[in-house]
Every structure is written in structure tokens, then in C-alpha cells.
């Protein structure tokens, strides 16, 4: 079916983006995306977010705002958590000199809650995982951050506002900590939106796993495709694609894409710079037997691998919209049964 699109540069670019992202260019879809973009700056990131949400059946201006900003900034949870810890430390110091500005009992309770919250953030490196026993779920952590943010906002509204230096420092510290928490809530909300089930092209689970103990604030991004394109589709661990995006110590940024079919696994390693790719080829070749052994212990056989240098593909966004870009679509045609 052909549709007539008003011949404007924006509409033509939007139609092209819809086709690129695997969205059927029907009048209904075009109108839905245009309606979502109404009142926004219609930037590329917002357009991508609108297409993504439409394909997931979500029609929400708030969701579009959060996801559009996420796709523009690609915030890293590890860095956000460190910034939050710093702001909470500043708040703790401000509370120490806030005597007389707040009820002593409330001040003591607030200091205790802040200390407990800070301890829970420090434990995330061990417990904030994609899945498994003793893990902290994305929803649980989001609820904790939202609760603490609401508490700080309430304290800020009720605290004694004056021109004293102590009061001004306290207000600034409360505002800063609340702002940092708001950024984390937006990040977690975007992760939840990306993980919503939808059409096959965008039916995956996405999550960031921060490693606060790693040098250089390592952040691991994980994308796992679901089998099928409906709301009942779930992850089939023997028919999926798992993408890991991370920053390594000696090889820079790396994306590892594992295509799983049955008990067969084919792996594509993508690097940002040629020298890193050259070094990786040597390292991976030397360690390939050990990799095969480890996966064999999990009853998976590695049938082969590729090492590529491709800056455009050495980030997580191409695996989100669309999940399987041209390079990956071609690679997935490899007969893993051979």
C-alpha cells in the first residue's frame, strides 16, 4: 500500500527513519509518530524515541521526553552513582552544621537514612545484576531512589529558609542530591521503557550494570533479544542475541555480540580503533580455546568468531534501533549448525 506524504524535508526524513528502523510506513504509523512528536523539538533522538515507543505500543509524552533525553545523552549509571555519592557526602556535611535549622530528632533520623542509603549504593557492584540470586532488581532500586528523592524534596520544602550561610548550604545540598537522584530515576525509567515488550524489531531487554569497584567507572550495557514480536514473547536462551557493551582497560570500547542458535554460539567482537582490533585478534586467538572450554561447561559450543573495527557499531545504540542493523542481520544468516 502506498501513502502520500507531504513533501517537506522533515516528513521525508522521518519517513526514511521509520523505514530504516523497520517500521511499516503506513498512514496510521506515520500519524502516530507525528502525533507523539507534537510539541517537541523533533530532533533526531526524539524521533528515534517516538518510533521506538510506537513500536512498543506506548503513547506517553512523559515517556517520550525521558527516552529522547536518554538517547541523546546515553547516561552511564556508574558515573551517575559516583556523582550521587559525592552529593550525598556534601549533604551529610551540610546536615552536620544544620543544627538549629531542623528538628534534632528529624535531623538524626535523616542522617541515619542517608548513611543507610549510601551503604546500599556501595553494595550495588555486588548485587545490581542482570538476574540471579541475591540481585537487586531494577524496579527495587528505582523505588529506593524515588523514595529517598521524595524525602529530600519534602525536607527541602520544610527546612528553615534563611539568609544564613548554613541554611543556604543545606538548601543547595538538598537540591543537588535530589537532582542527582532525579537523573538516576530517569535513567532507570528509560531502561524500563527500552525493556518493554513490543514488535520483533524492538523486543529485547536492556540493562546497565554499574561496576563501581572498577578503575575508570566501568559500565556494562546488556541487550538480550526476545523471540517473537508480541506481548507474550519471552527470552529464548537457545535462540537469541546477547550484546555486551563495555569499556575495557587495555582495548578501549568493545561490543561483544553473541548469536545463539540451539546450543551453538557465534561471537562478533567490535572495537573502536584499529590498533585495539589488531591487539584483540591476537589476544582472542590465544584465549579462544579457553573461551570454548568455559562455554562448553555451560553446554554451549562456540562455532566461530569475528573481530571487527567499526566505530559506528562500537556502541549500544545501533543494537537498540534497530536491534539488528544490516551488519548484524547479515551475520545472523550464518549457519550455526555447520
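The values are calculated or read from the model by the stated rules, or taken from the named source; none is laboratory data. Note that this is a predicted model, so its numbers are computed, not measured. All Cβ positions, even for glycine, are placed from backbone atoms using ideal geometry, and neighbour counts span all protein chains on display.
When residue 311 is tested against (1) modelled with pLDDT of 90 or more; (2) over 23 Å from the mean Cα position of the chain (by Cα); (3) exposed (fewer than 14 other Cβ atoms within 10 Å of the Cβ), only condition (2) is not met. Taking the stated definitions as given, is residue 85 at pLDDT 80 or above, surrounded by fewer than 19 Cβ atoms within 10 Å (Cβ to Cβ), assigned by TED's automatic domain parsing to the domain that holds residue 144 and within 23 Å of residue 210 (Cα to Cα)? Yes, satisfied.
Residue 2 - would you say it is modelled with pLDDT under 85 and either surrounded by fewer than 20 Cβ atoms within 10 Å (Cβ to Cβ) or not in a loop (DSSP other than H, G, I, E, B) (or both)?
Working: modelled with pLDDT under 85: yes; either surrounded by fewer than 20 Cβ atoms within 10 Å (Cβ to Cβ) or not in a loop (DSSP other than H, G, I, E, B) (or both): yes.
Yes.
Could you identify the single residue in 30, 70 that is surrounded by 14 or more Cβ atoms within 10 Å (Cβ to Cβ), closer than 22 Å to residue 199 by Cα and more than 21 Å from the chain's Cα centre (by Cα)?
Answer to the selection: 30.
With respect to the stated conditions, residue 280 is modelled with pLDDT of 90 or more and crowded, with 16+ Cβ neighbours inside 10 Å. Restricting region 57-67 to residues that are in contact (Cβ under 8 Å) with a residue 60 or more places away in the chain and surrounded by 14 or more Cβ atoms within 10 Å (Cβ to Cβ), the residue that is farthest from the chain's Cα centre (by Cα) is 58.
Conditions tested, residue by residue: (1) over 26 Å from residue 228 (Cα atoms); (2) in a loop (DSSP other than H, G, I, E, B); (3) modelled with pLDDT of 90 or more.
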{"residue": "10", "(1), (2), (3)": "yes, no, no"}
{"residue": "30", "(1), (2), (3)": "no, no, no"}
{"residue": "39", "(1), (2), (3)": "yes, yes, no"}
{"residue": "54", "(1), (2), (3)": "no, no, yes"}
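Of all residues in region 250-291, those satisfying the criterion of being closer than 15 Å to residue 305 by Cβ, touching a helix residue (DSSP H, G or I) at 6+ places or on another chain (Cβ under 9 Å) and either in contact (Cβ under 8 Å) with a residue 60 or more places away in the chain or assigned to a helix (DSSP H, G or I) (or both) are 254, 255, 257, 259, 265, 266, 268, 284, 291.
Matching residues to (1) touching a helix residue (DSSP H, G or I) at 6+ places or on another chain (Cβ under 8 Å); (2) in the same structural domain as residue 141 (by TED's automatic domain parsing); (3) part of a loop (DSSP other than H, G, I, E, B):
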residue	(1), (2), (3)
167	no, yes, no
171	yes, yes, no
176	yes, yes, no
181	yes, yes, no
208	yes, no, no
224	no, no, no
